[in-house]
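A short worksheet on the structure shown next.
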Amino acid sequence: MNSTQFIAQWRQEPLPLVAILRGITPDQAVSAAEVLLECGFRYLEVPLNSPSPLESIRLMRDVVGERGYVGAGTVLQPAQVEQVAECGGQLIIAPNCNPAVIVRASQLGLISMPGVMTPSEAFSAIDSGASALKLFPAEHVTPEITKAFRAVVPLDVACLPVGGIRPDAVQMRSYIQAGANGFGLGGGLYQAGMSMETLRARAKAYQLAWRECAE
């Protein structure tokens, strides 16, 4: 999916947040997907350095169906893109900008969100066919830096800060006003082994913060 197609779709999302489920195991995959769908999350990421990540992706795809998108994070090699596609994954998210990964994801019709931290990385990703840019880590890509990115990155390329994003409407709004289009949520949303009750509470807190931000 190219960047123009993605941002047109993304702008229709009532909750433009990606749930990053690092460390999730297959036995929690289905219940976590159901909880997140109930709380409005439609983009679910299973990092490949989680236990049996491809099995978790397969299970989550079965339960999510047409209601959302499921895929992998920490995708570092083109061969991993193919593995994710084979188990039904639709998202290819990375902490870095590897043009070979982006190109392979594009060839397979997947959504590609490479991690970038500099304008050079951003334009390398765009030229390779990225669907969107993951501004990572957001602890270093501040709202001020995000605004500087937006001065040069085309508006039809979505920018999603990831890292250190809290369920805090003030923090979120500072990024949105700087030109961000949503966020990826990691440890603030999910931690390995947590109960589904805790996940639901955290998901609802982020949902509420986004609604306050959007208002």
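The values are calculated or read from the model by the stated rules, or taken from the named source; none is laboratory data. Note that the structure is a prediction, hence the values are computed from the model and not measured. Reconstructed Cβ throughout: ideal geometry from the backbone, glycine too, with neighbour counts over all protein chains shown. For accessibility, only protein heavy atoms count, side chains too; no ligands or nucleic acids. Shrake-Rupley method; radii C 1.70, N 1.55, O 1.52, S 1.80 Å.
In region 69-95, what count of residues is obtained for those that are farther than 17 Å from residue 44 by Cβ and under 13 Å from the mean Cα position of the chain (by Cα)? Summing the residues that are farther than 17 Å from residue 44 by Cβ and under 13 Å from the mean Cα position of the chain (by Cα) in region 69-95 gives 1. Candidates 188, 163: the one that is farther than 17 Å from residue 40 by Cβ and open to solvent by 10 Å² or more (accessible area, probe 1.4 Å) is 163.
The single residue among 85, 100, 178, 169 that is surrounded by fewer than 22 Cβ atoms within 10 Å (Cβ to Cβ) and in contact with a Lys or Arg (Cβ under 6 Å, 6 or more places away or on another chain) turns out to be 178. Looking at region 42-52, can you tell me whether even one residue there is more than 25 Å from residue 139 (Cα to Cα) and either small (Gly, Ala, Ser) or open to solvent by less than 40 Å² (accessible area, probe 1.4 Å) (or both)? Yes - at least one qualifying residue is present in region 42-52.
Residues in region 143-196 that are free of Cβ contacts under 8 Å to residues at least 40 places away in the same chain, among the charged types (D, E, K, R) and touching a Cys at 6+ places or on another chain (Cβ under 9 Å): 150 alone.
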